[in-house]
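The values are calculated or read from the model by the stated rules, or taken from the named source; none is laboratory data. Note that the structure is a prediction, hence the values are computed from the model and not measured. Note that each Cβ is placed from the backbone with ideal geometry, even for glycine, and that neighbours are counted across all protein chains shown.
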Amino acid sequence: MKSPDADVLARCPWAGIDDPLYARYHDEEWGVPHADDQRLFEKLLLEGFQAGLSWITILRKRESFRRAFHDFDPARIARYTERDIARLMADEGIVRNRLKVLAAIDNAKAYLVLRKRQSLASFLWHHAGGKPAINAYAKVGEVPASTDVSVRLSKALKKEGFRFVGPTTLYAFMQSTGMVNDHLTGCPRHKACAKLQRAFVPPTA
């Protein structure tokens, strides 16, 4: 029987072996497909805040982000005023970037408009190809930073009024939410996520 240490050593290198938070994110969340609007909206905003930074920085601040942004409630964020912006800019627990804060508010407003027509999940999955893509990369260097699909999804979101949703940001979002499986083939999570992705039925409305 393979020892637990073997799985740790085979884990995708970016997750490391000595940071429990990053390891748990890799082992339990990254690459798992879902269609939960609230979770997708949260991840979309967090990926926007991550632009130019490392994901572990955002991951360590995620609970602070949730508190500061009222659990990423789009309706509440869309009503934020200058007082809220000032509050956020003074919050050391999050990334204090005014452009990103303003983008988060605009994205909440865009989400509410989109939601009148269809769910965010159905919109994202449709423009991401309609089903998860199961890749087979053996080395980190083989994994792209963006793809034609992430470019298309980026353009679609920008057309809806979303900001900080460039192709590279969107591809990281797709990896995280299981729209693509970019666990390396030697990583135990590749097979596990592939099984989940093959059984996943993307929403259509």
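If you take the residues of segment 173-182 that are closer than 19 Å to residue 54 by Cβ and not in a helix (DSSP H, G or I), which of them is nearest to the chain's Cα centre (by Cα)? Ranking the candidates gives 177 first. A single entry from 6, 35 fulfils the requirement of being surrounded by 14 or more Cβ atoms within 10 Å (Cβ to Cβ) and either closer than 25 Å to residue 135 by Cα or modelled with pLDDT under 95 (or both): 35. Only one entry in 87, 76, 66, 98 is at pLDDT 95 or above, in contact with a His (Cβ under 9 Å, 6 or more places away or on another chain) and among the basic types (Lys, Arg), namely 76. Candidates 150, 146, 154: the one that is assigned to a loop (DSSP other than H, G, I, E, B), within 30 Å of residue 15 (Cβ to Cβ), of a type in the set (Ser, Thr, Tyr) and without any contact (Cβ under 8 Å) to a residue 60 or more places away in the chain is 146. Of everything listed in (1) assigned to a helix (DSSP H, G or I); (2) exposed (fewer than 14 other Cβ atoms within 10 Å of the Cβ), the single unmet condition for residue 103 is (2). If I ask for residues that are assigned to a helix (DSSP H, G or I) and closer than 16 Å to residue 171 by Cα, which ones from segment 27-60 would you list? Result: 40, 41, 42, 43, 44, 45, 46, 47, 48, 49, 50, 55. Is segment 61-82 home to any residue that is assigned to a helix (DSSP H, G or I), among the aromatic types (Phe, Trp, Tyr) and over 25 Å from residue 15 (Cα atoms)? Within segment 61-82 (the criterion being assigned to a helix (DSSP H, G or I), among the aromatic types (Phe, Trp, Tyr) and over 25 Å from residue 15 (Cα atoms)), the answer is yes, since at least one residue qualifies. Across segment 107-122, not a single residue is classified as hydrophobic (A, V, I, L, M, F, W, C), in contact (Cβ under 8 Å) with a residue 60 or more places away in the chain, surrounded by fewer than 19 Cβ atoms within 10 Å (Cβ to Cβ) and part of a helix (DSSP H, G or I).
Scan segment 158-165 and give yes if some residue there is of a type outside the set (A, V, I, L, M, F, W, C), buried (at least 23 other Cβ atoms within 10 Å of the Cβ) and part of a loop (DSSP other than H, G, I, E, B), otherwise no. Scanning segment 158-165 turns up no residue that is of a type outside the set (A, V, I, L, M, F, W, C), buried (at least 23 other Cβ atoms within 10 Å of the Cβ) and part of a loop (DSSP other than H, G, I, E, B).
If you go through segment 38-61 and keep only what is surrounded by 18 or more Cβ atoms within 10 Å (Cβ to Cβ) and either among the basic types (Lys, Arg) or at positive phi (or both), you end up with 43, 61.
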